[in-house]
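Undergrad: Structure below; questions to follow.
The values are calculated or read from the model by the stated rules, or taken from the named source; none is laboratory data. If you're wondering where the values come from, they're calculated on a predicted model, not measured in any experiment. Reconstructed Cβ throughout: ideal geometry from the backbone, glycine too, with neighbour counts over all protein chains shown.
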Amino acid sequence: MKISSGLQEFHEKLESENLGPLWSSIHKLNTIEPEAKPVPYLWKKELIERNLEEAEELLEVGNGADRRALFLINPGMKDLKPVGWGGATQTLYAAVQAVKPGEVAPAHRHTTTALRFIMKGKGAVGRVNGEKITFEPGDYLTTPTWAWHDHANEGDETVYWMDCLDAPFTKYMNVCFTEFYPEKQQELSVPDDYSSKRYQGGMVRPISDRKPSIAPLGRYKWEQTKQGIEGLREFDPDPFDGLAVEYINPSNGKDANNRIGARMQMLPAGFKGKAHRHVHSNVYHVFKGKGHTVMNGIKFEWSEGDFFVIPSWVWHEHVNESETEDACLFSTNDLPIMEAFDFERVEELKSNDGHQDVKEIFQPVY
Ligand code: GTQ
């Protein structure tokens, strides 16, 4: 639209009166395609470890600091940082938390929902809604909305895990409440590891859980997740995601956390995935292996311990560069939010046999 100087002056006056002219901005409002602020990005393990080590020297959990966690800030969302939160994508917050032997991260609860993926170290335990839960590498743990939770390290090595919360989403929606428990740790009301014992069968459900609840199972053990993936190996892998499973709530079959989806995917040795894009966004953690993901023509090389994000509507394809070792990727997503509002869409790349041209190699910060 051509804007005369008179119209331009009128627009400036409108802005000073807190009004906006739709005639000159309708295509910014109704975009042709999503114009994601977050960008594809990757954080190296070395960068996170180096800074966590520094934080380990500078602060003690339970004595001045409630949590020792470093969160991922998407460079495309830096301007939102002063609000006091980082978004890895427009809906998902992700961090790496370190708890040293003897430390107790005090109990609180919030509207924001959370999940954890244990990366490294043994001896940590979490309390969630009255249950003491063992944390081991490869486990997925859910902390649903408004559940009391505190963490402790009863072992003799530092334990590291990934936290994922829907904090950017709850911030946008202005719905976040928090409460602090009167003691450092909450009281226990059920036997230790109660929920994983009740669900140790895997495929059967206690009859009392026929009525669905928000999180009947708190811990999803790596051994069982691995078995689930192994069961897919003899069939064709998904052309985009390899051998992939989702963590589910066994009382209703939906996502284990009702607002954040989570998956474990194995890319078999030599796997070369095809490209697609979708409206939901992902945060990835490389649990095992070495490979790369091409996002919008940029090659992001990853290895064990790295994190990367796939924002909305970004073309992406995963490759396992090893011909002998499988790669395992843990990822979280906002699919439950997208599906709840009928926002989800997926498109497969049709050209070039489903592969993007690589125009650039991403240079990470170490
Ligand atoms: O462990 O409760 O990374 O409340 C961010 C907010 C971890 C936690 C985070 C939290 C927690």
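Undergrad: Check whether at least one residue in the stretch 112-135 is within 12 Å of the ligand (Cβ to nearest atom), touching a helix residue (DSSP H, G or I) at 6+ places or on another chain (Cβ under 9 Å), of a type outside the set (A, V, I, L, M) and over 16 Å from GLN185 (Cα atoms), and report yes or no.
TA: Yes, that holds for at least one residue.
Undergrad: Given the conditions (1) within 20 Å of the chain's Cα centre (by Cα); (2) modelled with pLDDT under 95, which single one is not true for GLU234?
TA: (1)
Yes/no matrix, rows are residues, columns are (1) surrounded by 12 or more Cβ atoms within 10 Å (Cβ to Cβ); (2) of a type in the set (D, E, K, R); (3) under 23 Å from the mean Cα position of the chain (by Cα); (4) at pLDDT below 95:
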residue: ALA152; (1), (2), (3), (4): yes, no, yes, no
residue: THR158; (1), (2), (3), (4): yes, no, yes, no
residue: PRO168; (1), (2), (3), (4): yes, no, yes, yes
residue: VAL190; (1), (2), (3), (4): yes, no, no, no
residue: GLY201; (1), (2), (3), (4): no, no, no, yes
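Undergrad: Go through LEU42, LEU7, LEU14 for me and flag whichever is closer than 18 Å to ASN333 by Cα, at pLDDT 95 or above and not in a loop (DSSP other than H, G, I, E, B). Working first, answer last.
TA: Working: LEU7 fails: closer than 18 Å to ASN333 by Cα; LEU14 fails: closer than 18 Å to ASN333 by Cα.
After ruling out the rest, the residue left standing is LEU42.
Undergrad: Restricting to the stretch 145-157, count the residues that are touching a residue at least 40 places away in the same chain (Cβ under 8 Å) and within 15 Å of the ligand (Cβ to nearest atom).
TA: Adding up the residues that qualify gives 8.
Undergrad: If I ask for residues that are surrounded by fewer than 19 Cβ atoms within 10 Å (Cβ to Cβ), in contact with a Lys or Arg (Cβ under 8 Å, 6 or more places away or on another chain) and either among the aliphatic types (A, V, I, L, M) or part of a strand (DSSP E or B) (or both), which ones from the stretch 211-244 would you list?
TA: ALA244
Undergrad: Can you tell me which residues in the stretch 185-210 are small (Gly, Ala, Ser), without any contact (Cβ under 8 Å) to a residue 12 or more places away in the chain and assigned to a loop (DSSP other than H, G, I, E, B)? I'd like the intermediate steps shown before the answer.
TA: Of the residues in the stretch 185-210, the ones small (Gly, Ala, Ser) are 189, 195-196, 201-202, 208.
If we keep only those that are without any contact (Cβ under 8 Å) to a residue 12 or more places away in the chain as well, we get 201, 208.
GLY201 - this is the single residue of the stretch 185-210 that is small (Gly, Ala, Ser), without any contact (Cβ under 8 Å) to a residue 12 or more places away in the chain and assigned to a loop (DSSP other than H, G, I, E, B).
Undergrad: Okay, next question. Any idea which of (1) over 30 Å from GLU317 (Cβ atoms); (2) assigned to a helix (DSSP H, G or I); (3) of a type in the set (A, V, I, L, M) is the one ILE48 doesn't satisfy?
TA: Single failed check for ILE48: (1).
Undergrad: Which one of ASP326, ASP342 is more than 21 Å from GLY228 (Cα to Cα) and either at pLDDT 95 or above or not hydrophobic (A, V, I, L, M, F, W, C) (or both)?
TA: Numbers: ASP326 fails: more than 21 Å from GLY228 (Cα to Cα).
Being more than 21 Å from GLY228 (Cα to Cα) and either at pLDDT 95 or above or not hydrophobic (A, V, I, L, M, F, W, C) (or both) holds for just one of ASP326, ASP342, which is ASP342.
Undergrad: Here is a follow-up. Taking the options GLY87, GLY76, GLY64, name whichever one is surrounded by 22 or more Cβ atoms within 10 Å (Cβ to Cβ), over 22 Å from THR225 (Cβ atoms) and more than 11 Å from the ligand (Cβ to nearest atom). Walk me through how you get there before you give the answer.
TA: Working: GLY76 fails: surrounded by 22 or more Cβ atoms within 10 Å (Cβ to Cβ); GLY64 fails: surrounded by 22 or more Cβ atoms within 10 Å (Cβ to Cβ).
The unique qualifying residue is GLY87.
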